Amino acid sequence: GAVVSQHPSWVICKSGTSVKIECRSLDFQATTMFWYRQFPKQSLMLMATSNEGSKATYEQGVEKDKFLINHASLTLSTLTVTSAHPEDSSFYICSALSPVLGSYEQYFGPGTRLTVT
Amino acid sequence: DAKTTQPTSMDCAEGRAANLPCNHSTISGNEYVYWYRQIHSQGPQYIIHGLKNNETNEMASLIITEDRKSSTLILPHATLRDTAVYYCIVYTGTASKLTFGTGTRLQVTL
């Protein structure tokens, strides 16, 4: 099946700094990728939809200036958490859409655990 | 996308079948039933999906009622590695977002 990778798998940063998370589709091209956030013992919450070559679409309540998304190629989307604060500590997961037999499947990355100190 | 309802948690003995129910009474005619699972601290893993016929693959079987208002995911011989949160999602299969509910936390025990 299709493989999606994320880098880094975990990161610790200091409050006020920015951190970039990469999401790559390794063996397929993805015009659409999604970014989710998951707090402990909670479900995945969609943050934004990332479309190659266009601006991301953010879910209600997600600050677009704080969570910068760039989808510059068909295999790479990046999420930059700017001016990170401890409350941004979370598990960030991306997924990529792959067309399969006339419909689409979403394949998920392994996630990136961000800890802001 | 339609909303789903799942039990919060379930236990299953290793080697036995795990039957995970899901209610989706407001499902539309063009919506599929998808199942994903998430093992602790990993990304969700696709398991199976179906429209109205029962489906089976190497991981599981999916039984969808005739009125499509509910379904059951069956893991025929659960192992400890199947301990995870299982999410039932209804989805049109188009290039749109998935909405995750709270899922069912399955604990497989010896």
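The values are calculated or read from the model by the stated rules, or taken from the named source; none is laboratory data. Keep in mind that what you see is a predicted model, and the values were worked out from it rather than measured. Neighbour counts run over all protein chains shown; Cβ positions are idealised from the backbone, glycine included.
Here are B:SER9, B:SER96: which of them is more than 12 Å from the chain's Cα centre (by Cα) and within 29 Å of A:CYS23 (Cβ to Cβ)? Lay out the reasoning, then the answer.
Values: B:SER9 fails: within 29 Å of A:CYS23 (Cβ to Cβ).
Selected residue: B:SER96, the only one of B:SER9, B:SER96 that is more than 12 Å from the chain's Cα centre (by Cα) and within 29 Å of A:CYS23 (Cβ to Cβ).
Scanning the stretch A:59-80 for residues that are under 12 Å from the mean Cα position of the chain (by Cα) and farther than 20 Å from A:PRO99 by Cα turns up A:PHE67, A:LEU68, A:ILE69, A:ASN70, A:THR78, A:LEU79, A:THR80.
When residues of the stretch A:41-78 are filtered for being more than 10 Å from every other protein chain (Cβ to nearest Cβ) and either of a type in the set (A, V, I, L, M) or outside any strand (DSSP E or B) (or both), how many remain?
As a first pass, look at the stretch A:41-78 and keep what is more than 10 Å from every other protein chain (Cβ to nearest Cβ): A:47, A:50, A:52-56, A:58, A:60-78.
Then drop every residue that is not either of a type in the set (A, V, I, L, M) or outside any strand (DSSP E or B) (or both), which leaves A:47, A:52-56, A:60-66, A:68-69, A:72, A:74-76.
The total comes to 19.
State yes or no: is A:ALA84 assigned to a strand (DSSP E or B) and of a type in the set (Gly, Ala, Ser)? I'd like the intermediate steps shown before the answer.
Values: assigned to a strand (DSSP E or B): no; of a type in the set (Gly, Ala, Ser): yes.
Spelling it out, it is not the case that A:ALA84 is assigned to a strand (DSSP E or B) and of a type in the set (Gly, Ala, Ser).
The numbered conditions (1) more than 20 Å from A:PRO110 (Cα to Cα); (2) within 12 Å of chain A (Cβ to nearest Cβ); (3) not in a strand (DSSP E or B) are all true for B:THR99 except (1). When the criteria are applied in full, B:CYS88 meets the requirement of being in a strand (DSSP E or B) and in contact with a Gly (Cβ under 9 Å, 6 or more places away or on another chain). Against the list (1) modelled with pLDDT of 95 or more; (2) among the hydroxyl-bearing types (Ser, Thr, Tyr); (3) under 24 Å from A:ALA48 (Cα atoms), the condition B:THR65 fails is (3).
Screening the stretch B:55-96 for residues that are of a type in the set (Gly, Ala, Ser) and within 14 Å of chain A (Cβ to nearest Cβ) and picking the one that is nearest to A:PRO40 (Cα to Cα) gives B:ALA84.
Looking at the stretch A:6-40, which of its residues are in contact with an Asp or Glu (Cβ under 9 Å, 6 or more places away or on another chain), within 10 Å of chain B (Cβ to nearest Cβ) and in a strand (DSSP E or B)? Result: A:GLN6, A:THR32.
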